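Have a look at the structure below, then the notes.
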Protein chains: 4
Amino acid sequence: MFELDPHSSYMMPAHFGSRPLSPKASGWYRDVTSMTVAFLTDRERLAAYLPEPWEVAEDAVVTVTYACNRDVDWLAGHGYNLVAVSAAAVFKGERETLVGSYCLVMWENLTDPILTGRELQGIPKIYADIQDHSVIAAAWHTNASHFGHKILDMNINNLREPTAEETALAEKASAGRDNPMAWRYFPATGGFGQGLSAPTTFPSENVISQAWVGDGRVDWQQLTWEQNPTQFHIVNALAEFPVLAWLPALVAKGSTNLLVPDRLPREIR
Amino acid sequence: MFELDPHSSYMMPAHFGSRPLSPKASGWYRDVTSMTVAFLTDRERLAAYLPEPWEVAEDAVVTVTYACNRDVDWLAGHGYNLVAVSAAAVFKGERETLVGSYCLVMWENLTDPILTGRELQGIPKIYADIQDHSVIAAAWHTNASHFGHKILDMNINNLREPTAEETALAEKASAGRDNPMAWRYFPATGGFGQGLSAPTTFPSENVISQAWVGDGRVDWQQLTWEQNPTQFHIVNALAEFPVLAWLPALVAKGSTNLLVPDRLPREIR
Amino acid sequence: MFELDPHSSYMMPAHFGSRPLSPKASGWYRDVTSMTVAFLTDRERLAAYLPEPWEVAEDAVVTVTYACNRDVDWLAGHGYNLVAVSAAAVFKGERETLVGSYCLVMWENLTDPILTGRELQGIPKIYADIQDHSVIAAAWHTNASHFGHKILDMNINNLREPTAEETALAEKASAGRDNPMAWRYFPATGGFGQGLSAPTTFPSENVISQAWVGDGRVDWQQLTWEQNPTQFHIVNALAEFPVLAWLPALVAKGSTNLLVPDRLPREIR
Amino acid sequence: MFELDPHSSYMMPAHFGSRPLSPKASGWYRDVTSMTVAFLTDRERLAAYLPEPWEVAEDAVVTVTYACNRDVDWLAGHGYNLVAVSAAAVFKGERETLVGSYCLVMWENLTDPILTGRELQGIPKIYADIQDHSVIAAAWHTNASHFGHKILDMNINNLREPTAEETALAEKASAGRDNPMAWRYFPATGGFGQGLSAPTTFPSENVISQAWVGDGRVDWQQLTWEQNPTQFHIVNALAEFPVLAWLPALVAKGSTNLLVPDRLPREIR
C-alpha cells in the first residue's frame, strides 16, 4: 500500500514517490536569452481580464517575453523556450498590496515545466511550438504556433546599447518583475465548480550579463476553433488589445533563479 | 474585472473565459488504433504502488496500452498517441466497491489532453515522444522516449484472428476497462502539503471494429536522473515489475467515447 | 580499402556498403490516405516553370496532393506525410512522348525519402513540417510549415460519394498520374555548372479502397527570405498562380507500390 | 519555358530559379558550441571504410564532433545540430596529397543543410533527432536517435582549462580539420551504376572564443533493420570500431565560416 510522506512534495503520479531530487538540482536556469516587447494598451480592455483583487497598474502595460532557457538545473541541464504575456497589475488583497505583473498566459514548448508551473505555482502555462530565436543582420525573431497554425510573431530590430535612461527603465520593469503573480485555479473533478482557487506569487532572481535595447513588435494571428481548439479564444483576446504605443524592446542574456531563499512561491491574500 | 460563471467549466488561464465549446465537439475519438500487452506480476510488488482503498485484483495483472488517437472531436479532429500503464484493481471505498483498473501512469505526446486529463479527471498523464506504430511483416511496434532517452519498446508479433476463447478473455478485460480509475492529487501551492486528493473514475465507451491477438512484449529501460530528471523513478519502478507470464496481446481498431451520458467522470468514495 | 560493388545500389555514405535490403522490404506503401485539390490556371504562367521538352498539357491544371503514408515497407513500417505540387504536362522528347504530370515540388516531413527521391528519381523533394490530417464534421484539413512559418493550408469540405461522372474524371486523373515525371538535376561540385541533368519518370501503382469527392481549396502564404530562406521563392511562385477554377477535390484511402515490375524509375528521352 | 542561367547555382527544384541569395547571407555560423570526442582505433578496421586514394593517417584516429549551430547566416539566422564522424586520413591523389580528415558520416537535425551538404560538397549527411546539449554539474551530454531508437550517447566530464600541451594538441587537430574531405557520390537514375563520383574538400575557418578539455566518451547502440532501416548498417559499423584509447575531449564555443575566400569547396585529384 502506498502512503504519502507528509514532508515531501508530490505530483501525479504520486504513488511512485515524491518529486525526484538530485544534489545537482537547484532553482537556477544558468543560460537564459530573452526578448521582451511591451506596449501600452487600453486600461478598460485590460481590466476585463483581471480577477479581483487585481487592478491594472498605473500604466496599462502588456509585456510579451520570449525566453530561451538552457542549462536548467532541475531538468538535469535540459532546456525549453517560453512566451509569456503579462499585465502590469496591483494586487490589493485583504492583507497584502503587491505591485508587479499578473500572468495572462505562458506558452512553453516542454510539458514538464508546464505541469510544475500550473500545479505548484498556478502559472497559466499551455503548450506551443516555439522556435529557437533566429538572429540575422542584428534583427531578432521568434514565433509560436500550435497544430501548425501560428499564434504570434515576435521581432526586435535596431538593437543598440541601452542609454542610462533606458537602463533605468529596464531596471524599473525588472523591479516590477520581482512580483510576478498568477491565479492558481483547479476545477472540481469533472471540470464544473471550483476545486482550488488562490492568488499566488513566484519571485525570481534575475542576473543580466548583457542587454540591448531596440524596436520590438508582436504580431498576433486571429484563429478559429478548427485551427486551435484549445487556445483560439486566448489568442484572439490578445490579438484584440489595442496597441497605443510600443515601449522600448529588450534583448538580454543572463541567468535566473526560481527558488530564491525566503522568497519561495506562495499564496497571497 | 473578470468573474467566473458558476455554470461553466474553467481551466487555467481561466480569465479568458470558460473552456471553448463547439457544436462540432463531442467525447468521440473516431479513429483509434491500439496495441495492448499485459502480464501477470508479483502481487506484493504491485500492491506497493496502490494507495488506500485500492487493492490488487484477483489476478495481479499489469496492462500496457498504446493508442494512436485520430479524428478526436474535442481537438477539432487532431490526434495524439498515448502509452498507458494500469493495474487490475478493486476500489473498496466507504460507499462503493469498483472492480476495474487503476492508472499507474499515462504518457501522451500532446500537452492539451495531458492538462485536461490531469486537471479534470486526475489521470496521472505525463509527456513522452511516442512514435506512430510501425507495421512490418505483420509485426507491430512502437516506442516512447523523453529527452532522447528511450522509456520503453512495445512489440506485438504473430498476429492472428482471435479464437472464441480469446475473444471471451478480451471481452472480460474490456469489461474491467469499464471502470478505469485514478487518484486525483494536487499539492498545496508550492508543492508541499495536500491541496486536493480524491479517487476518480472516468468511464469510456469502446467500439471495436477489428481485432487481432498475438504475442506481445514490453521492454523497459533503466534510466538515471541525468537522462530523464522528471520521470526516471517511474520508469525504473515499472522496469522492476517481475513478469510471471505474458498474457495474449491485442491489436484493435475502433473508436472511443470519453463522455458517456450518465457515466461522466466523477469522484468515487 | 573500400570498393564499390558494380551490381549494388549506393547512396552517400557509400563506404558503409550498399543500400540496406531486407526480405521484408518492397515498394509497397500499405496504408495511404490522400487529399487531392486541383485547379485550372493560366497556361502561360504555368509554362514559365516547365523546362524543355515539357509542355503544359491540354488543360493547364495544377494538382496539390497531400498523402499520409503509413506502413511503408522500405521504411520498416514507419511512415511520413507529403504535399506534392504537379503540373499537367506532356514530355515531347526525341524518342518518347509522355502525357502525365511534371512534379514542381514535393514537401515531405521525413528526410530519408527526401534523399532517395532526389538522388534515385530526381523528384524535387524538400522538407516541411506537415500536420497529420485532421477530420472534423466531415471537413478534412492539413497544413505545412517550415521554421514556424506556414507554407500552405489545404481544406476539403462537403465530402460525398463520387458520382459515376466524377469517378470517371478521377480515373482519368489517376491515369495521368501513371506518368509522374521530374527533372533530375545535380550541380557540379560547389554548386555552379551542371553535374547531372536528365528527365525521369517514376511510375506507381495505386489501389484505391475508398474515395470521396468534395470542394477543396489550397491557400498559400507569401513569405520572405527571413521567414523561409531556402524555400520562399518556391512558395511565392506557387502563391501567384491564378486560380481560374477549382476542380472537384478528392479524399482517398488505399495503398501504393513505387516499384512496379517492368515500370521502374528511369530516364526518358 | 524555364531555362538555366549558366552563371547561377541551382538545386532541385531548379525551375523556380537559382538558390536564393540575400545580402544578409554569408558563410558564417556566428554561434557554434561543440563537443569533440576522439579515440585511437585499429588501423586495418578503419582502412576498410576508406576508398582509394585515401589512406589512414599516421594515427588511426576517429573523431566524433557534436555542434550546436545557431545564428547561421545562410539560414536567415536559424540553426541546427550535427554529429559528425571522421577518420584522420591522407588523400594521395594523382595531383594532390592532402592530410586531413575523411568524413565517414554526418547526422544533422535539419534537412536544408543535409541537402546542400550532400549535393554541393558531397558530405555524407543523413538525418537524426539530435538533442540540444545539456549541461549539469559541469558534465556535458547529448544524444542522437532516429525513429525513436537511439544512435549514440556523447558525454564529456571533468572539464578544465586546457594546458599548454593540450592547446597544442587541439591546434594540431584543428589544423588537420583544415582539410575536411568527403566522397561525393550520386548513382545513376534508379540507383544502380554510377552517376557522379569525385573526392572533395570543403575548408572552413574556425574561430574559438572559449575552450575546455575533459574526459569524453561516445556510446553507440547496435540496431536492427526494423529499428532504423536506412542507417542501421552505418551505426553498427561505427559501434564495432575498437577503442584503443580515448584522446582528450574538447568543449568549445566560437564561430565558423564555411565560405572562405580562395578556399571554396572543390574537387581534389
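Run the accessible area of chain C with a 1.4 Å probe and give the carbon-and-sulfur part as a rounded percent.
Carbon plus sulfur share of accessible area: 51 percent.
Roughly what would the spin-label model give for B:Arg43 and D:Glu161, points 7 Å off Cα along C-beta, in nm?
Output for this residue pair reads 6.6 nm.
Which whole-Hz ³J(HN,Hα) couplings does the stretch D:34-39 yield from phi under the Karplus relation 6.51 cos²θ - 1.76 cosθ + 1.60, θ = phi - 60°, glycine and proline marked x?
10, 10, 10, 10, 10, 8
My understanding is that a pair violates if its Cα-Cα distance is over 27 Å; which of B:Lys253/C:Lys125; D:Lys125/D:Lys253; B:Lys125/C:Lys125 do that in this structure?
B:Lys253/C:Lys125; B:Lys125/C:Lys125
Report, for A:Glu3, each distance to the same residue's label point in the other copies, shortest first and in nm; define the point 7 Å along Cα→Cβ.
Output for A:Glu3: 4.7, 7.5, 8.9 nm, nearest copy listed first.
Which value, in Å², gives the accessible area per residue of the stretch B:34-187 when a 1.4 Å probe is used on the protein heavy atoms?
Details: 4980 Å² over 154 residues.
Per-residue accessible area for the stretch B:34-187 comes out at 32 Å².
I'd like the residues of the stretch D:10-25 whose 1.4 Å-probe accessible area shrinks by no less than 40 Å² going from the isolated chain to the full set of protein chains.
Residues shielded by partner chains are D:Tyr10, D:Met12, D:Pro13, D:His15, D:Phe16, D:Pro20, D:Lys24.
Looking at the axis that maps chain B onto chain C, which chain B residue has the closest Cβ, and how far off is it in Å, rounded to a whole number?
Nearest-to-axis residue on chain B, with distance in whole Å, is B:Asp132, 4.
Report, in deg cm²/dmol and to the nearest 500, the calculated mean residue ellipticity at 222 nm for the protein assembly as shown, where each DSSP H run with n ≥ 4 adds -39500 (n - 2.57) and the sum is divided by the residue count.
Values: 16 runs with 132 residues, N = 1076.
Per the formula, -3500 deg cm²/dmol.
Measuring from a point 7 Å out along Cα→Cβ, what nm distances, shortest first, does D:Glu52 have to its partners in the other copies?
Nearest first, the other copies' label points are 4.0, 8.2, 9.0 nm away.
Please work out the FRET efficiency for the pair A:Ser209 and A:Ser22, using the Cβ-Cβ distance as r and a Förster radius of 22 Å; give the result to the nearest 0.05.
The pair A:Ser209/A:Ser22 has a calculated efficiency of 0.25.
Computed from the mean reciprocal separation of all distinct C-alpha pairs, what Kirkwood hydrodynamic radius does chain D have, in Å?
Evaluated on chain D, it is 19.5 Å.
Give the shape of the stretch C:195-269 as rounded, prolate or oblate, defined through the alpha-carbon gyration tensor: a ≥ b ≥ c are the square roots of its eigenvalues, a/c under 1.5 means rounded, and otherwise the shape is prolate if a/b is larger than b/c and oblate if not.
Oblate shape, in that a/c is at least 1.5 and b/c is the bigger or equal ratio.
Which whole-number percentage describes the relative contact order of the stretch C:191-269, with Cα contacts under 8 Å and a sequence gap of 6 or more?
Result for the stretch C:191-269 is 53 percent.
Name the long-range amide H neighbours of C:Val105: under 5 Å, sequence gap of 5 or more, or other chain; modelled H, no Pro or chain starts.
Sorted by chain and number, the residues that satisfy this are C:Val85.
Please say if the stretch C:1-63 is rounded, prolate or oblate, where rounded means a/c under 1.5 for a ≥ b ≥ c the square roots of the C-alpha gyration tensor eigenvalues, and otherwise the choice is prolate for a/b larger than b/c and oblate otherwise?
Here the stretch C:1-63 falls in the oblate category.
Please turn the phi angles of the stretch B:51-64 into ³J(HN,Hα) values with the Karplus equation 6.51 cos²θ - 1.76 cosθ + 1.60 (θ = phi - 60°), one per residue in order, whole Hz, x for glycine and proline.
x, 4, x, 7, 10, 5, 5, 3, 9, 7, 9, 10, 10, 10
Are there any GluC sites (Glu not before Pro) in the stretch D:10-86 that are in a DSSP loop and have at most 11 other Cβ atoms within 10 Å? List them by number.
Loop-located and lightly packed - D:Glu58.
Give me the accessible area buried between chains D and B, both sides summed, with a 1.4 Å probe, in Å² rounded to the nearest 100.
When D and B are taken together, about 900 Å² of accessible area is lost.
With a 10 Å cut-off between alpha carbons and a GNM built on chain A, which of A:His15, A:His141, A:His78 moves the most?
A:His15
Counting only residues 5 or more places away or on other chains, whose amide H sits under 5 Å from the amide H of C:Leu50 once H atoms are built in the peptide plane?
D:Phe2
Tell me, what is the percent relative contact order of the stretch B:115-269, built from C-alpha pairs under 8 Å that lie six or more residues apart?
25 percent
Tell me, what is the percent relative contact order of chain A, built from C-alpha pairs under 8 Å that lie six or more residues apart? All intermediate terms of the calculation are to be shown ahead of the outcome.
On the way: 617 pairs, mean separation 57.8, N = 269.
In percent, rounded to a whole number, it is 22.
With the cut-off at 17 Å, report for the stretch A:116-244 the share of all Cα pairs above it, as a whole percent.
I get 73 percent for the Cα pairs in the stretch A:116-244 exceeding 17 Å.
Is the stretch C:1-146 best put as rounded, prolate or oblate by its Cα gyration tensor, with a ≥ b ≥ c the root eigenvalues, rounded for a/c under 1.5, and otherwise prolate when a/b is larger than b/c, oblate when not?
Because a/c hits 1.5 or more and a/b fails to exceed b/c, the stretch C:1-146 counts as oblate.
Considering only protein heavy atoms, what is the solvent-accessible area of B:Met11 at a probe of 1.4 Å, reported in Å² to the nearest 10?
20 Å²
Could you derive backbone 3J(HN,Hα) for the stretch B:70-82 from the dihedral phi with the Karplus parameters 6.51, -1.76 and 1.60 (θ = phi - 60°), listing whole Hz in sequence and x where the residue is Gly or Pro?
For the stretch B:70-82, the Karplus-derived couplings read 10, 6, 8, 4, 5, 9, 6, x, 6, x, 6, 10, 9 Hz, x marking Gly and Pro.
7 Å along Cα→Cβ for the label point: how many nanometres lie between B:Thr224 and each equivalent label in the other copies, listed shortest first?
Listed shortest first, these distances are 2.8, 4.6, 5.1 nm.
The values are calculated or read from the model by the stated rules, or taken from the named source; none is laboratory data. No experiment lies behind these values; they were computed from the predicted model shown. Virtual Cβ from ideal backbone geometry, glycine too; neighbours counted across all protein chains shown. In case anyone asks, the SASA skips ligands and DNA or RNA and just uses the protein heavy atoms, side chains included. Shrake-Rupley method; radii C 1.70, N 1.55, O 1.52, S 1.80 Å.
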